[in-house]
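To start, the structure itself, in structure tokens.
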Amino acid sequence: MTVEPETIEVRSIETGSNPTRYARGWHCLGLAKTFHDGKPHQIKVFGTDLVVFEDSKGALHVLDAFCRHMGGNLARGEIKGDTIACPFHDWRWGGDGRCAEVPYARRTPKIARTKSWINMERNGLLFVWNDPQGNPPPADVTIPGIPDYGTDTWSEWTWNTFHVTGSNCREIVDNVVDMAHFFYVHFQMPQYFKNVFEGHIAAQHMRSTGRDDIKTGVQLDLPDSQTISDAMYYGPSFMLDTVYTVAGDVTVETKLVNCHYPVTQDSFVLQFGTIVKKVDGVGDEEAAAMATMFTEGVETQFKQDVEIWKHKTRIENPLLTEEDGPVYQLRRWYSQFFVDVEDVTPEMVQRFEFEVDTSRALENWQREVDETMALRG
Ligand code: FES
Ligand SMILES: [Fe+2]
């Protein structure tokens with residue numbers, strides 16, 4: 001039986017609206033070393049402005065950027081001892097948010113406080129904790145350390161930053177379940193694809209090969225190489241991915257970070273970086289070349305995502321096939337970060353697993369790739 005097109009209702013896109021608050025969780029502001037340069041740094045994040053500065057002992061502090069005296073911008077000021085000094089009237093603010101000194105005044109308003117943000121350095125990265133309710137992070141909600149990070153087992157972080165405007169950061173998170181876009185946007189062939197959500201962690205386990213017709217470097221241009229990727233979102237915005245690229249008897253281990261922080265509800269800063277483990281039997285030069293090739297490949301792939309996000313619409317009611325993965329369940333997991341802790345429901349945090357059957361997709365994709373290759377001769 002054929003269905004006449006006019007009897008089928010046209011589907012409408014519900015765009016919904018951006019959230020009214022910013023996610024509770026750890027947000028990575030970038031490489032820690034960029035903040036250890038003796039200068040204050042202004043960060044536009046969570047719809048506000050923060051200042052990051054280093055005290056005389058080398059500890060980093062994060063405060064609201066605008067001075068509680070007359071609104072001067074502390075990020076334009078100077079670090080003096082353990083305080084940040086406002087450029088307007090030199091009020092000195094300590095890392096705890098207390099006013100430490102007003103040099104021209106007889107009496108310093110010692111009970112005056114500005115907002116100090118909880119921060120943490122881990123794996124060479126700086127994180128700030130956001131909680132609209134003002135609670136500190138629970139002990140189990142943290143960013144895991146990378147074993148042997150900081151030793152010469154690993155190369156230095158490569159780090160890339162993009163400012164994406166006209167898009168809410170949920171778009172990036174949707175990627176976690178999106179098996180099919182790996183072929184079209186990232187030029188990968190996902191052989192195996194599974195998601196597990198539990199508590200504040202959302203995982204994506206993928207085994208993939210490259211496309212014969214489009215090379216990006218992620219497969220290191222080694223023939224028959226396979227990529228084993230286990231990526232975890234620790235909270236709403238920080239993904240740490242362990243990637244093994246296996247080609248013959250060479251295995252390269254990479255840690256890939258994909259993280260973001262919201263600037264406003266319709267713009268965000270996207271950051272990604274990689275470190276590569278030194279491989280036995282592979283010389284330093286070759287290892288560095290591999291790291292560069294991998295990183296450039298990842299960069300190409302990220303830019304592809306950014307192009308999609310910049311031009312797509314927000315969609316609350318995506319129309320899905322079985323191969324599209326658990327988009328709605330992922331968004332339910334993500335919603336836990338946008339409600340008060342006491343309103344987090346069991347459905348948002350209970351364990352959920354889903355494996356996408358990639359067999360039909362792979363059959364069709366292989367045919368498509370073969371046809372392209374045949375045309376090239
Ligand atoms: S505005 Fe900062 S010291 Fe006056
Ligand atoms: Fe993507």
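So here's what we get for this one:
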| quantity | calculated |
| --- | --- |
| Qualifying position, being within 25 Å of residue 66 (Cβ to Cβ) and out of contact with any strand residue (DSSP E or B) (no Cβ under 7 Å at 6 or more places or on another chain), among 132, 147, 137 | 132 |
| All positions within the stretch 294-320 that are more than 15 Å from ligand 2 (Cβ to nearest atom) and surrounded by fewer than 21 Cβ atoms within 10 Å (Cβ to Cβ) | 296, 313, 314, 315, 316, 317, 318, 319, 320 |
| Among the residues listed as 47, 25, the single one being in contact (Cβ under 8 Å) with a residue 60 or more places away in the chain and under 30 Å from residue 320 (Cβ atoms) | 25 |
| Hey, residue 192 over 16 Å from residue 354 (Cα atoms), away from ligand 1 (no atom under 16 Å from the Cβ) and surrounded by fewer than 17 Cβ atoms within 10 Å (Cβ to Cβ) or not | no |
| Test: residue in the stretch 103-115 that is outside the structural domain of residue 254 (by TED's automatic domain parsing) and either within 16 Å of ligand 2 (Cβ to nearest atom) or surrounded by 19 or more Cβ atoms within 10 Å (Cβ to Cβ) (or both) | yes |
| Residues located in the stretch 322-377, provided they are small (Gly, Ala, Ser), surrounded by 13 or more Cβ atoms within 10 Å (Cβ to Cβ) and assigned to a helix (DSSP H, G or I) | 335, 361 |
| Test: residue in the stretch 163-170 that is surrounded by fewer than 20 Cβ atoms within 10 Å (Cβ to Cβ), touching a Lys or Arg at 6+ places or on another chain (Cβ under 7 Å), among the small types (Gly, Ala, Ser) and on the phi > 0 side of the Ramachandran plot | yes |
| Residue within the stretch 297-306 that is outside any helix (DSSP H, G or I) and more than 16 Å from ligand 1 (Cβ to nearest atom) present | no |
| Any hit, the stretch 132-139, residues being at pLDDT 95 or above, assigned to a strand (DSSP E or B) and more than 16 Å from ligand 2 (Cβ to nearest atom) | no |
| Check on residue 123, modelled with pLDDT of 95 or more, surrounded by fewer than 15 Cβ atoms within 10 Å (Cβ to Cβ) and closer than 30 Å to residue 258 by Cα | no |
| Residue 93 away from ligand 2 (no atom under 16 Å from the Cβ), in contact (Cβ under 8 Å) with a residue 24 or more places away in the chain and surrounded by 21 or more Cβ atoms within 10 Å (Cβ to Cβ) | yes |
| Residue within the stretch 63-81 that is surrounded by 17 or more Cβ atoms within 10 Å (Cβ to Cβ), more than 16 Å from ligand 1 (Cβ to nearest atom) and of a type outside the set (A, V, I, L, M) present | no |
| Meets criteria (away from ligand 1 (no atom under 16 Å from the Cβ), in contact (Cβ under 8 Å) with a residue 12 or more places away in the chain and in a strand (DSSP E or B)) for residue 167 | no |
| Qualifying residues in the stretch 245-267 (those that are acidic (Asp, Glu) and touching a strand residue (DSSP E or B) at 6+ places or on another chain (Cβ under 9 Å)) - the one nearest to residue 158 (Cα to Cα) | 253 |
| Output for the stretch 97-131, where each listed residue is under 20 Å from the mean Cα position of the chain (by Cα) and either at positive phi or in a loop (DSSP other than H, G, I, E, B) (or both) | 118, 123, 124, 131 |
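The values are calculated or read from the model by the stated rules, or taken from the named source; none is laboratory data. Since the structure is predicted, the reported quantities are computational estimates derived from the model, not experimental observations. FYI the Cβ positions are ideal-geometry reconstructions off the backbone, even for glycines, and counts take in every protein chain you see.
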